[in-house]
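Here you go, one structure.
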Amino acid sequence: MHNLYKKGVWGYPLELAASLVLLAIILIFYSILFFGFDVAKSEAPVISSENYQDSLTLVNLLKTQVKIDNNLISVADAVDIFYTGNSDKSKLEQPITEILNKLPKPKNRNSHYMLKIINEDISLEFGESKLIESKFLEQKIYLPLSSKKNVLVKLYLSCSGCNKKEIEVIS
Amino acid sequence: MNKKGIAETIIDYTRLMINLGLVIIVSIFIVAVAFKFLNTEYRTNDFEAKLLARSLITADNCLSYSNGVDVNQGLIDLNKFSDERLKICFSSPRIGYVAKLLDLENNQLAIASPESKLLDFLPICSSLPEYKCTEKYNYVLYYKDNEIKPGILKLEVISLA
């Protein structure tokens, strides 16, 4: 061991002093970072409900009854009638947009819901579609039609500037 | 062993002690940081409120409508909207909650809450650090006048932090 330090009488003490100063600087820096500024525990980590989504809102939306041609039918049935060719989009537009506007939204934010019904032939969109949008609360289900085909139904909240806390309230 | 040999041995041991000391200091620092991480608290009150809301909306013994055979999840039975029913459904000394059913025009149709001492602190919850408060709004359906209508289930939850 002592062979390493045969640099003269002052070799080891100088090296040790330099190492100690460096160590002290590193320890002080990280102590301030971890304990002074409380980086390790700045805020309790949140297990957010927004990360655990189900399709309850979308299912309820599809089960909501709407009046089309003086008949009270569910949105799911109205979509089925559309795809069997017995209806047009304009009849669906008004009642579905009305429901989308009434769904819970973050307060004081410019936000709106989008409903997309995707089929290999014809796809439908309800709500205001924007080129740049931040999607929240995305939900999707496959809706079986009487023609034995399925359509993919997607619902999401488009909101610019929404934060996680605001979304948690309606998730 | 001559004098030079003894002196070198003493120097070697001194260096060993100094190095060992440095290793111990660094180890203590690493353990202290790790300990701080391990003791970090997780805020779960929002997630608990969501689970509570889902139970209320989907479970037969809570507010969900049932015809005796099938449970219609997401469809609220107004007859079940009572304090007693919510007490059977979910009650805990750590959590107090108020469930309100609103129509889409924000008119209150029903209100219920299981008895809890925590509810006394609900109006001033935000100023009490030992309690956490959460609000949840869920789109639901309900039966009224033989018709299925859309509404909002508003849940106000207070829990111990």
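What do you reckon, is B:Ala99 among the aliphatic types (A, V, I, L, M), modelled with pLDDT of 95 or more and in contact with a helix residue (DSSP H, G or I) (Cβ under 9 Å, 6 or more places away or on another chain)?
In short, yes.
A further question on this structure: Can you name every residue in segment A:144-171 that is free of Cβ contacts under 8 Å to residues at least 60 places away in the same chain and assigned to a helix (DSSP H, G or I)?
Matches in segment A:144-171: A:Lys165 only.
May I pose another question? Looking at segment B:128-149, which of the residues that are of a type in the set (Phe, Trp, Tyr) and under 26 Å from A:Ile167 (Cβ atoms) is farthest from the other protein chains (Cβ to nearest Cβ)? Steps first, please.
To start, the set of residues in segment B:128-149 that are of a type in the set (Phe, Trp, Tyr) comprises B:131, B:137, B:139, B:142-143.
Then keep just the ones that are under 26 Å from A:Ile167 (Cβ atoms); that gives B:131, B:137, B:139, B:142.
Working: B:Tyr131: 14, B:Tyr137: 4, B:Tyr139: 5, B:Tyr142: 10 Å.
Applying the filter and picking the extreme gives B:Tyr131.
Taking B:Pro123 as the residue in question, decide whether it is within 20 Å of B:Val157 (Cβ to Cβ) and in a loop (DSSP other than H, G, I, E, B).
Taking the combined requirement at face value, the residue does not satisfy it.
A further question follows. If a residue has to be of a type in the set (Asp, Glu), outside any helix (DSSP H, G or I) and in contact (Cβ under 8 Å) with a residue 24 or more places away in the chain to count, how many in segment B:33-55 make the cut?
Residues flagged as of a type in the set (Asp, Glu), outside any helix (DSSP H, G or I) and in contact (Cβ under 8 Å) with a residue 24 or more places away in the chain within segment B:33-55 amount to 0.
Moving on. Looking at B:Tyr65, B:Tyr97 in this structure, which one is surrounded by 11 or more Cβ atoms within 10 Å (Cβ to Cβ), within 14 Å of chain A (Cβ to nearest Cβ) and part of a strand (DSSP E or B)?
B:Tyr65
Another one. Any idea which of B:Ile10, B:Ile30, B:Ile88, B:Ile6 is away from chain A (no Cβ under 12 Å), at pLDDT below 90 and part of a helix (DSSP H, G or I)?
Exactly one of B:Ile10, B:Ile30, B:Ile88, B:Ile6 is away from chain A (no Cβ under 12 Å), at pLDDT below 90 and part of a helix (DSSP H, G or I), namely B:Ile6.
Conditions (1) in contact with a Cys (Cβ under 7 Å, 6 or more places away or on another chain); (2) of a type outside the set (Val, Ile, Thr), marked per residue:
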residue: B:Glu8; (1), (2): no, yes
residue: B:Ile11; (1), (2): no, no
residue: B:Met17; (1), (2): no, yes
residue: B:Leu20; (1), (2): no, yes
residue: B:Ile25; (1), (2): no, no
residue: B:Val31; (1), (2): no, no
residue: B:Lys36; (1), (2): no, yes
residue: B:Glu41; (1), (2): no, yes
residue: B:Leu56; (1), (2): yes, yes
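If you don't mind, there's one more thing I want to ask. Which of the numbered conditions does A:Ala24 fail, given that it passes all the others? Conditions: (1) modelled with pLDDT of 85 or more; (2) within 30 Å of B:Asp103 (Cα to Cα); (3) small (Gly, Ala, Ser).
Single failed check for A:Ala24: (2).
The values are calculated or read from the model by the stated rules, or taken from the named source; none is laboratory data. If you're wondering where the values come from, they're calculated on a predicted model, not measured in any experiment. Please note: Cβ atoms are built from the backbone with ideal geometry, for glycine as well, and neighbour counts cover all protein chains shown.
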